[in-house]
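The values are calculated or read from the model by the stated rules, or taken from the named source; none is laboratory data. Only a predicted model underlies this, so the values are computations on that prediction, with no experimental measurement involved. No Cβ is skipped: glycine too gets one built from the backbone with ideal geometry, and neighbour counts run over all protein chains shown. Ligands, DNA and RNA are excluded from the accessible area calculation, which covers all protein heavy atoms including side chains. Shrake-Rupley method; radii C 1.70, N 1.55, O 1.52, S 1.80 Å.
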Amino acid sequence: MELRSTPAIILDCDPGHDDAIAIMLAAQFTRLVGITTVSGNAPLELTTRNALIVTQLLGIETPVHQGAAHPLAAPALHAAIVHGESGLEGPVLPPLVRKPASRDAVAFICDTTRHETDIWLVAIGPLTNIAHAVEKDPDLVNRIAGISIMGGSTHVGNVSPVAEFNVWADPEAADVVFRSGATIRMCGLNLTHQLMTDDAIVARLRDRSDAVAGGVVAPFVAALLDYLHGRMAELRGERRAALHDPCAVLAVTHPQIFSFGDRHVQVELDGELTRGMTVVDERSAKDAPAPNVEVAYEIDPAVAMELVLSSIHEH
Ligand code: BDR
Ligand code: CA
């Protein structure tokens, strides 16, 4: 069997139900060098608090660095309609005892990648912090292994017919990142809609709730998913939810369960109907500009779900 070394990552996130689960996957399958937070699903103070609470629950010492409170040009918009006002509605949140390691996520990203090369940036919120880092330090893209993004889509959107939340929330930042020259892997909605949780997954987590292996983390995730399924039932008519953000972690840790296609991707900044769309060029190589993104098209959902479930425990 092929031996893979554990990838080192910085996880840039806006927890967020699926972000919380992505932190768990990252804690299990990566060397999680740091977590950086951004305004997105909820305002920055809340996404930072939520990231700290998840590290507390997991019992991991990963530093959390707070980042940008506002997008590059757009007003800050949040997703309380999905994640609740707190960003992590559902479980009773324990009191926060931890503090952010700094309030300068961009400095953390630039400095850390100067001391250690080949770190993956896994970006699962709006791309504001990553864009600031690339603009401050353009050589960053040559020092990192790549940027694995949950964002965009080859076709369907979720906040508009064609725009996905993370790109839509800060399209100017996404544009900077997609043009940066970095190796980019993109898990868009076309991919993440293949990895769905349902109430059978919640039942599996609740069955584990008393088990030592599950500890407090399994009931916490069960309550998160229960809430999310309720929101989806109201918004989309189905008690099922896509685990978007975990896909961007798995694209680094388990690329063998994906299929990717190299494509040219640009972000639409102006269109009245299409602002925030990722325009994926699917023409033949002879017609399309040179690819800048490894676009994820397929994932093995059964294997991916078992990997997710195996990461839901205290450390
Ligand atoms: C993305 O938006 C957020 O609501 C989720 O956390 C995910 O990162 C999906 O569009
Ligand atoms: Ca997110």
**Q.** Breaking point among (1) small (Gly, Ala, Ser); (2) assigned to a helix (DSSP H, G or I); (3) within 16 Å of Ala133 (Cα to Cα), for Ala203
**A.** (3)
(Q) Quick test of your reading of the structure: Gly237 fulfils all but one of (1) under 25 Å from Glu89 (Cβ atoms); (2) open to solvent by 60 Å² or more (accessible area, probe 1.4 Å); (3) in contact with a strand residue (DSSP E or B) (Cβ under 9 Å, 6 or more places away or on another chain). Name the failing condition by number. (A) (3)
(Q) Scan segment 80-87 and tell me whether some residue there is out of contact with any strand residue (DSSP E or B) (no Cβ under 6 Å at 6 or more places or on another chain), within 14 Å of ligand 2 (Cβ to nearest atom), closer than 18 Å to Glu164 by Cβ and free of Cβ contacts under 8 Å to residues at least 40 places away in the same chain. (A) yes
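Determine whether segment 148-158 contains at least one residue that is polar (S, T, N, Q) and more than 27 Å from Asp300 (Cβ to Cβ). Give the steps one after another, and end with the answer.
Step one: filter segment 148-158 for residues polar (S, T, N, Q), giving 148, 153-154, 158.
Now restrict to residues that are more than 27 Å from Asp300 (Cβ to Cβ): none.
No, segment 148-158 contains no residue that is polar (S, T, N, Q) and more than 27 Å from Asp300 (Cβ to Cβ).
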Q) Just a yes or no: is a residue in segment 10-17 without any contact (Cβ under 8 Å) to a residue 24 or more places away in the chain and either within 15 Å of ligand 2 (Cβ to nearest atom) or closer than 19 Å to Leu307 by Cβ (or both)? A) no
Q. Looking at segment 240-277, which of its residues are within 16 Å of ligand 2 (Cβ to nearest atom) and among the hydroxyl-bearing types (Ser, Thr, Tyr)?
A. none
Q) Considering only segment 47-105, how many residues are under 19 Å from Val217 (Cα atoms) and acidic (Asp, Glu)? A) 2
Q | Matching residues in segment 250-281 - criterion: being assigned to a loop (DSSP other than H, G, I, E, B) and over 20 Å from the mean Cα position of the chain (by Cα) | A | Glu268, Leu269, Asp270, Gly271, Glu272, Leu273, Thr274, Arg275
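Return the only residue of Ala174, Ala200, Ala233 being under 21 Å from the mean Cα position of the chain (by Cα) and modelled with pLDDT of 95 or more.
Values: Ala200 fails: under 21 Å from the mean Cα position of the chain (by Cα); Ala233 fails: under 21 Å from the mean Cα position of the chain (by Cα).
When all the criteria are applied, what remains is Ala174.
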